[in-house]
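Quick notes on the structure that follows.
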Amino acid sequence: MKPRILALLDERDGKTLDRATAEVGGTASVVYSVDKLLRALRENPWDLTVVSLGADMVDEALLERVAGLESTGTLLLCGRGASLQAALLSERIGAAALLRLPLDASALDEHLAGLQDEGRSVRLPGPADRPDEASLVGESAEMASVFGLIAKVSRSSSTVLLTGESGTGKEVVARTLHEQSERREHEFVAVNCAAIPENLLESELFGHEKGAFTGAVAKRTGRFQRAHRGTLFLDEIGDMSLVLQAKVLRALEERRVERVGGHASEAVDVRVVAATNQRLGEAIEEGRFREDLYYRLAVVEIELPPLRTRGEDVRLLAMYFAALFAERHGRSISAISTAALERIEAFDWPGNVRELRNVMDRAVLLTSGSCIRSGALRLGAAAPRASSRPDAPSPHGYPETASLAEVETDHIRRVLESVEGQIGRAADILGIHRNTLSRKIQEYGLDEAGGGAR
Amino acid sequence: MKRLTIDGLRAFLPELDELRPLVDHLLASSRVDETRTWSESGELGTAGSRLVDAAELLQRSQALAEREHEHARTMFGLIAEAIAHVEAGRHDEAASALLRAAALEEARDRPDRAEAYAHGAFELVRGRRAEESLASVALRRRARARRTLGRYREASRDYEEAHTIAEAASDPRGAAEALIGAGNVYEEQGLWSDAEARYRSALSVLDALEGPVPEHWHALLNLHVVLRSAGSLEASVEPLERASEIAAALDDSGAAAFLQNARGQLRMAHEDFPAAEEHLRRALGASGSPRAAITIRLNLAECLLAQGKSLDAAEEARRAEKESLMARLPQKLPEVYRILGRIAAHEGSTNAFVLFERALEIVADRGLPSLERAQTLQAYAEAERRVGDEETAAGLHEEADRLYSELGIERMRRAWSDRFDAGRDGPKRDIKGTRDD
């Protein structure tokens, strides 16, 4: 597919654009008035639209209108000289870049290069074609067997153990089990056993009375009680302490719970669905998990496959999330390029569906036109909301995820070590004043490191 | 084998004051648990779930001990110096030595100790006509420590007295500094008209000087903040512009981060979030200290969250978390966990409470001011309401309300309480770009 470019530019810049477009095998249509620009946008879809801020009749209202049209594709603005106002406008309307006039062919190349291998546009599913939950998206054999098990066990009240890697969608499956069961009129309550510190988990599960311990500023209803007649989802149960495992086992056997600091027990009717990404068999052998609790939980076991083994599902899920986030963020995105889909399918997805979801959320925010292109995909760099983002080393000697303060601290430490803590020499190497270095050493706590700076 | 986390460490390590530098070091050198990267427990991770680097501590423990020894030697030296000066009748020099000790403790984030030394310094020169300026300095330092400790009534009393003494000693800059300090205390309490009056008085004092001094832009910037907080957005622009002009005339490069941060917050008040983001990113680039960078980064996270970019907001908050740990500023963590908690609640997580509980735990462990606790309870109540737990939300709301009343923070309390009762979202977190006195 040849990229099609529309531009509102003066004659000289139009020629520069023509040449650059020809080099990538595309076609450029240069217009010289706003009327012609709008007509061209009405008549055809474009891969890229370039608008000069200095052209007659170009104002903020027009640019907002152009940015909102599906036919615009990627929007590039260009203007003479640097202006904060133009930069802010460009950011606000979601333009891909603000280039300087006269146009420089090399600056254009970067944006045109991204267009040439995008392939065709694939339409995203509309609201009517989308299932309510991501867990129901999938046509692979692996997921067919998961769907079969969900259908079999959802109507019963037996406990279910969901296993699988992080991010495979265990909570969404647990929620689906609840929604398909006769308990759906009552609450689905989720607890993450690994996220909640040991000292809080017991009161979170069973509730506490006001003043039961320091910090119990209010009476709290436990998750067991809240899930009465509904479903309790115990996620990452492999991380629960043995003491609490015993208490959960007793609650499951006796169907009664007692608040922390309370004196009476209350009856609860709860269906438990538990999940783990650990091998519980090994945990039992190592004495970290109670065997009796395992058998109590694993009446039915459903293993969720990692995304990399789900074939075509990756594409379906990507399109599902793209449509979902376009709607959520109010973006008029209706398609994704085949090049973008190919990149998605070739990726390994260590963070599974959770990672794919984040990538598509970001891609929607980074897309200014109506079609998500491969350049909008931040694969491998899509930040989880976790503090536990791996700090993988980069060729530059520090991870791309490192903050400036981290890099600075590390570099100052290394320089100080190389000069055996002599501040004057270190300041010379770093090219900063001795006093500035002393302040940084104190701020970053480096004076306690490596024998101390002098 | 389960690896040792900061929580695991705290379960057996006694909570002794002398171990605090060691614990801070362990926090700074701790690592994230990479196995949790894509799990919900990773999203809700806090300092407590980070992994301890025991081998690194074994290497550094001697240097850590030496640093503490060095600090003790300096402090003992200053005390000995002060005693010798008192014996020789040189009370001014003795007070100066104690003020140096106060400054050292303040730099180590020990406002309780800084207050004690500043108090001693003030007692040495109190009522001595020749040392009135020094007495005013001592009172201002004591006031600043008391403000950090959340003892607002005592802090404002100290600043007012410091102003009277500086004025009597014909020390206009000292008088202006005291007025700015008093304004900051009132501003923090939400007593905006009192704060505005003090900043304007400071400007009257400073305008009588021959040329501009840094206190000029401090007072103007703070006046802008208080007008903006009170909702007078139009009126707040002029002092901000004047602050920028004076900082430029003084070639004060340290002002850029504060001024850009203020511009960012002004744009946020106008709900022009993309423009706000631009200013905040510039402020971040200009920030010279980790403390300022963390505050600006959290403002940026707010700004991103307001635009629906929750992934980016969480990423900035996580960077602020890392910077707080590395720069030994764990007192900034409650702010970090408040915003992460709000993001998690915004995403519908019923486990968002973990982050608020962590924030409350740090407030208690570090003896942080009640305002921090009140703000955390407020955000916590809003999050619980958002995820549908009305019972818990009401209890938390009641406790936050009680604390605001106790602190005399009436306006903020009332505004929030009305909104909470009406079932709407709470006000945005109030982060000031105010330059301290």
So what is the relative contact order of the stretch A:289-369, in percent, for Cα pairs below 8 Å that sit 6 or more residues apart? 38 percent
First measure r as the distance between the Cβ atoms of A:SER241 and A:ALA61, then evaluate 1/(1 + (r/R0)^6) with R0 = 51 Å and state the FRET efficiency to the nearest 0.05. 0.25
Each label sits 7 Å from Cα toward the beta-carbon; between A:ALA151 and A:ASP10 the label points are separated, in nm, by 6.8 nm
For the stretch B:253-328, using Cα atoms only, the Rg and Dmax in Å read 11.7, 34
Under the Debye formula (equal points on every Cα, no solvent term), log10 I(q)/I(0) of the stretch B:46-181 at q = 0.09, 0.14, 0.20 Å⁻¹: -0.35, -0.69, -1.09
Here the tail fraction of P(r) beyond 27 Å, over all Cα-Cα pairs of the stretch A:141-303, rounds in percent to 22 percent
Across bins of 10 angstrom width beginning at 0, how are the C-alpha pair distances of the stretch A:310-376 distributed, in whole percent? 22, 61, 17, 0
Percent antiparallel among DSSP beta bridges (both partners in the stretch A:141-303, rounded to 5): 20 percent
For the stretch A:159-205, using Cα atoms only, the Rg and Dmax in Å read 12.6, 34
Taking every DSSP bridge whose two residues both lie in the protein assembly as shown, the antiparallel percent to the nearest 5 is 20 percent
Would you grab the residues whose amide H sits under 5 Å from the one on A:ALA190? Only those 5+ places off in sequence or on another chain, please, with H modelled 1.01 Å from N. A:PHE233
Please report, in cubic angstrom per residue, the volume enclosed by the convex hull of the alpha-carbon atoms of the protein assembly as shown. 190 Å³
Between A:VAL299 and A:LEU249, how many nm apart are label points set 7 Å from Cα along the C-beta direction? 1.8 nm
For a quick check: with amide H placed at 1.01 Å from N, whose amide H comes under 5 Å from B:GLY45's, ignoring anything fewer than 5 positions away on the same chain? A:SER387
How big is the stretch B:200-259 by Rg and Dmax over its Cα atoms, in Å? 11.1, 33
Counting only residues 5 or more apart in sequence or on a different chain, those whose built amide H sits under 5 Å from that of A:THR74 are A:LEU48, A:THR49
Hull-based mean projected area of the stretch B:4-99, where the convex hull spans the alpha carbons, in square nanometres: 8.4 nm²
Express in nm, to one decimal, how much length is gained between B:ALA208 and B:ALA84 on full extension, taking 0.36 nm for each residue of separation and deducting their alpha carbon distance. 40.6 nm
Provide, in order from the shortest bin, the percent of all Cα-Cα pairs of chain B in each 10 Å bin, continuing until the bin that contains the maximum pair distance. 4, 19, 29, 27, 16, 5, 0
Can you give the extra length, in nm with one decimal, that the chain gains between B:LEU13 and B:ASP194 once fully stretched, where that is 0.36 nm per residue apart less the Cα-Cα distance? 60.6 nm
Which number comes out as Rg/Rh for the stretch A:4-116 once both Rg and the Kirkwood Rh are worked out on C-alpha atoms? 0.91
For the stretch A:198-268, compute Rh as the Kirkwood radius over C-alpha pairs and then the Stokes-Einstein diffusion coefficient at 4 °C and 1.567 mPa s; write the answer in µm²/s, rounded to an integer. 104 µm²/s
Computed FRET value (nearest 0.05) for A:ALA144 with A:ALA267, which takes r as the C-beta separation and R₀ as 41 Å: 0.55
Which lysines have a Cα lying under 21 Å from the Cα of B:LYS309, excluding residues fewer than 8 positions away in the same chain? B:LYS322, B:LYS428
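Computed from the coordinates by the stated procedures, all read-outs in this text should not be read as laboratory data. Nothing here was measured: the structure is a model prediction, and the numbers come from that model. Counting neighbours? That spans all protein chains shown, and the Cβs are built from the backbone with ideal geometry, glycine included.
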